[in-house]
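Written out below as structure tokens is the structure these notes cover.
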């Protein structure tokens, strides 16, 4: 069997492709781009929430938020490792991110203006991420699928702690309810944008589906997310900021309004409210940490010399 | 032939029952080189089709934590909030 046929046979049999297997160049490139972007999203995603650690309303909420941000770092590391099995180095990926050649999820280019945003991010942003990541546990590339299983197991805590923050606010004072509503107003549409362009406008979707990297379309995932989330908003007594949102009994799904694609593309292209700040902060953290990496390497080298001497 | 202990080294064997799963540690064995360790790993740890593929790693290459230090080393015991079950979510909003 030729390598090409072997690869196709794996996909047909619903088997995983592993790093040592032959794979088409495009498959490898697509996965490197996607997994690196996913890893960068976890890493950049620490910033909007890190912003509230020192201002969490109680010691308990602070400990929870730190644990969550720590998880995001861990998720980034699982994913960088998965990408590295495809032949790119971590330094290359970090460099591509810092030079703006690699992207990360646009959702993290929005600011976190109130404590309620910690709730909305857990509930909506992690909720949307989970919808996507549950699908990716069935991705054809073994290391990515396995990283997703691990991540999904940990994400449930993220979503639940967010929703619990909002329950507390919505059972609170008028001001607290208003804060929760304001947060939903700001995060709803960017969360729907997380699923990417319409299927008709998505450049990579068809090939990714054929390679069994992406197994559900952007629009179907978005619909799944909306159907799941509307009752959760109702329970909180919050109003989703979409006048066109309505149950469609015939389809068995919620209809919802049009996404502002101009906003979507402008944030993707770098003009969101926080794009520059996020990357500047990331670069600064990397540069400020250079001495730690150098010291660790020097110490390891010295120990090795001592051991062989 | 070299006697065990004279030129043989210890290897750790990791097996995976089928593609797509992680390799899991199965046990150790003695072998003079990597190729022999692979064959011995198959014979010792997969006589009943337990493995679709295996890894062998020289035991000396493994750095391990001390099980007696587990409480100090893994300080997660007092952090129940890292678990999803630490949060009260009403049934009517569906699975989360």
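Nothing in this text is a laboratory measurement; each read-out follows from the coordinates by a stated rule. This is a predicted model, so every value here is computed, not measured. Quick reminder, even Gly has a Cβ in these numbers, built from the backbone with ideal geometry, and neighbours come from all protein chains shown.
List of remarks:
- Residues in the range B:7-44 that are on the phi > 0 side of the Ramachandran plot and within 14 Å of chain A (Cβ to nearest Cβ): B:20 alone.
- Any hit, the range B:5-25, residues being free of Cβ contacts under 8 Å to residues at least 24 places away in the same chain and in a strand (DSSP E or B): yes
- Filtered residue count, the range A:120-144, keeping only those that are within 11 Å of another protein chain (Cβ to nearest Cβ), surrounded by fewer than 22 Cβ atoms within 10 Å (Cβ to Cβ) and under 18 Å from residue A:73 (Cα atoms): 1
- Among the residues of the range A:61-91, those identified as within 14 Å of another protein chain (Cβ to nearest Cβ) and within 14 Å of the chain's Cα centre (by Cα) are A:68, A:69, A:71, A:72, A:73, A:74, A:75, A:78.
- Residue that is nearest to residue A:106 (Cα to Cα), among those in the range A:44-60 that are assigned to a loop (DSSP other than H, G, I, E, B) and within 14 Å of chain B (Cβ to nearest Cβ): A:56
- Scanning the range A:200-236 for residues that are more than 14 Å from every other protein chain (Cβ to nearest Cβ), assigned to a helix (DSSP H, G or I) and either out of contact with any helix residue (DSSP H, G or I) (no Cβ under 8 Å at 6 or more places or on another chain) or surrounded by fewer than 16 Cβ atoms within 10 Å (Cβ to Cβ) (or both) yields A:200, A:201, A:206, A:207, A:209, A:210, A:220, A:223.
- Failed item in (1) touching a residue at least 40 places away in the same chain (Cβ under 8 Å); (2) assigned to a loop (DSSP other than H, G, I, E, B), with residue B:50 passing the rest: (1)
- The range B:54-96: number of residues that are outside any loop (DSSP other than H, G, I, E, B) and more than 9 Å from chain A (Cβ to nearest Cβ): 17
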